[in-house]
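Taking it in order: structure first as structure tokens, then the write-up.
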Amino acid sequence: MKKKRSDCPISCSLDVFGDKWSLLIIRDIMLRGKMSYSEFLESEEKIATNILVNRLKVLEEENILSKSVSPANKSKFIYRLTQKGVDLLPIVIEIMDWGARYNENCPRRELGKKIQKDKIKVIAEYLEKLRNEVD
């Protein structure tokens, strides 16, 4: 990890996963089931290839993601969350909920409506699913 800005826990956390692109990659793996470089490029936010390569590398170095060769295509890598990455789920859910609550241009889709109805249940369901997928 790069040099810390401070010893504040919020600052230390943001040093690891606090940029827009890293959180969107984590979201895509966690909530949308994406696993490959090409799938991340298809996201609606249109991440640039150089930024995607950099963020995947940083997330792997920080042990948020693991990278392995795809069993179906040996020239393709797949990315999965590590336990450290899975532990970000409640934070990602809270950010989603906050964004939908305070930004009228971010309507609640199916998952957002489930979060609004029973956030604890949604977190528990996703945690169980994600923990079963951890390498």
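The values are calculated or read from the model by the stated rules, or taken from the named source; none is laboratory data. These figures come from a predicted structure and were not determined experimentally. Reconstructed Cβ throughout: ideal geometry from the backbone, glycine too, with neighbour counts over all protein chains shown.
Which one of 102, 79 is surrounded by 17 or more Cβ atoms within 10 Å (Cβ to Cβ) and hydroxyl-bearing (Ser, Thr, Tyr)?
The match here is 79.
Within region 55-90, being among the charged types (D, E, K, R) and touching a residue at least 40 places away in the same chain (Cβ under 8 Å) holds for 61, 62, 76, 80. Number of residues in region 1-34 that are without any contact (Cβ under 8 Å) to a residue 40 or more places away in the chain and aromatic (Phe, Trp, Tyr): the value is 1. Of all residues in region 1-51, those satisfying the criterion of being in a loop (DSSP other than H, G, I, E, B), surrounded by 14 or more Cβ atoms within 10 Å (Cβ to Cβ) and either touching a Gly at 6+ places or on another chain (Cβ under 7 Å) or small (Gly, Ala, Ser) (or both) are 36, 43. In region 68-91, the condition of being at pLDDT 95 or above, within 16 Å of the chain's Cα centre (by Cα) and over 30 Å from residue 8 (Cα atoms) is met by at least one residue.
Of everything in region 35-52, what is in contact with a helix residue (DSSP H, G or I) (Cβ under 8 Å, 6 or more places away or on another chain), touching a residue at least 12 places away in the same chain (Cβ under 8 Å) and not aromatic (Phe, Trp, Tyr)? Give them in sequence order. I'd like the intermediate steps shown before the answer.
Taking region 35-52 and keeping what is in contact with a helix residue (DSSP H, G or I) (Cβ under 8 Å, 6 or more places away or on another chain), we get 35, 37, 39-41, 43, 45, 47, 49, 51-52.
Narrowing further to those that are touching a residue at least 12 places away in the same chain (Cβ under 8 Å): 35, 37, 40, 43, 45, 47, 51-52.
Those that are in contact with a helix residue (DSSP H, G or I) (Cβ under 8 Å, 6 or more places away or on another chain), touching a residue at least 12 places away in the same chain (Cβ under 8 Å) and not aromatic (Phe, Trp, Tyr): 35, 43, 45, 47, 51, 52.
Selection over region 57-101 of residues that are acidic (Asp, Glu) and out of contact with any Lys or Arg (no Cβ under 9 Å at 6 or more places or on another chain) gives a count of 2. Close contacts from region 99-113, counting a first residue that is farther than 18 Å from residue 32 by Cα and a second that is at pLDDT 90 or above and surrounded by 12 or more Cβ atoms within 10 Å (Cβ to Cβ), with Cβ to Cβ under 9 Å and a gap of 6+ residues or different chains, come to 101/116.
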